[in-house]
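The values are calculated or read from the model by the stated rules, or taken from the named source; none is laboratory data. All values derive from a computational prediction rather than experimental measurement. Here the Cβ is made from the backbone with ideal geometry for all residues, glycine too, and neighbour counts use every protein chain on show.
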Amino acid sequence: MPALSALSRTLAPLMGAGLGLLSRRRLPRQAGRLSLAGLQAPVEIIRDSWGVPHIYATNNHDLMFAQGFVHAQDRLWQMDFNRRLVSGRLAEVLGAVALPVDRWMRTIGMRRAAEQDVALISAGTRDELEAYAAGVSAYIAQGPLPVECALLRYQPEPWMVADTLSWIKMMSWSLSVNWET
């Protein structure tokens, strides 16, 4: 046991340093100029001293596109994990351990309902959600991807309107568990 303890005390800092280096190399670019297909006019994104993005756009399409882009810059792993959770697709990246959760989520059917809801939302709302999805997808295409994607060896798929609607459903359901009280 003492040899194992000594080995773990040696390997833990090395692994921590390696993961730290890997994750720092994957931080999104937050300064300078980017040229992105899909914008109709120039957009300015200024991050304040706390890293909060402030988006200045001349139209709603570009505002929503930029919001999707910075949202993915800051939270792509969380977004993709949540999309996979509500869709019952965690096992694709986490393995068989996630199958019970996937079966349960597919039985509940929030993703199916969200896919049907895409056709029911107003054209204006759909346009804005499509612009947001295009911004997320632009970041996925451009990268860098989060360290979790490298560790799990997968590339997130482009974002879709149904991905956003499904997570809205999941959040609504999660926040409604106290309705009996």
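How about segment 72-103: which of its residues are farther than 21 Å from K169 by Cβ and free of Cβ contacts under 8 Å to residues at least 60 places away in the same chain?
Once the filter is applied, which keeps residues that are farther than 21 Å from K169 by Cβ and free of Cβ contacts under 8 Å to residues at least 60 places away in the same chain, segment 72-103 yields D74, L94, G95, A96, V97, L99.
Answer yes if at least one residue in segment 77-90 is of a type in the set (F, W, Y) and within 22 Å of A114 (Cβ to Cβ), and no otherwise.
yes
Mind checking which residues of segment 44-63 are aliphatic (A, V, I, L, M) and in contact with a Leu (Cβ under 7 Å, 6 or more places away or on another chain)?
Correct list: I55, A57.
Output the helices (runs of 4 or more DSSP H) that fall wholly within segment 82-181 and possess 3 or more residues being surrounded by 20 or more Cβ atoms within 10 Å (Cβ to Cβ), or say none.
110-117, 123-142, 161-175
Within segment 22-53, restricting attention to residues that are exposed (fewer than 12 other Cβ atoms within 10 Å of the Cβ) and under 19 Å from the mean Cα position of the chain (by Cα), which residue is modelled with the highest pLDDT?
It comes out as V52.
Can you confirm whether A12 is in a helix (DSSP H, G or I), under 20 Å from the mean Cα position of the chain (by Cα), at pLDDT 60 or above and not acidic (D, E)?
no
Within segment 95-109, which residues are hydrophobic (A, V, I, L, M, F, W, C) and modelled with pLDDT of 95 or more?
Answer for segment 95-109, where residues must be hydrophobic (A, V, I, L, M, F, W, C) and modelled with pLDDT of 95 or more: A96, V97, A98, L99, V101, W104, M105.
Somewhere in segment 59-67, is a residue in contact with a strand residue (DSSP E or B) (Cβ under 7 Å, 6 or more places away or on another chain), within 21 Å of M171 (Cα to Cα), at pLDDT 95 or above and surrounded by 15 or more Cβ atoms within 10 Å (Cβ to Cβ)?
Yes, segment 59-67 contains a residue that is in contact with a strand residue (DSSP E or B) (Cβ under 7 Å, 6 or more places away or on another chain), within 21 Å of M171 (Cα to Cα), at pLDDT 95 or above and surrounded by 15 or more Cβ atoms within 10 Å (Cβ to Cβ).
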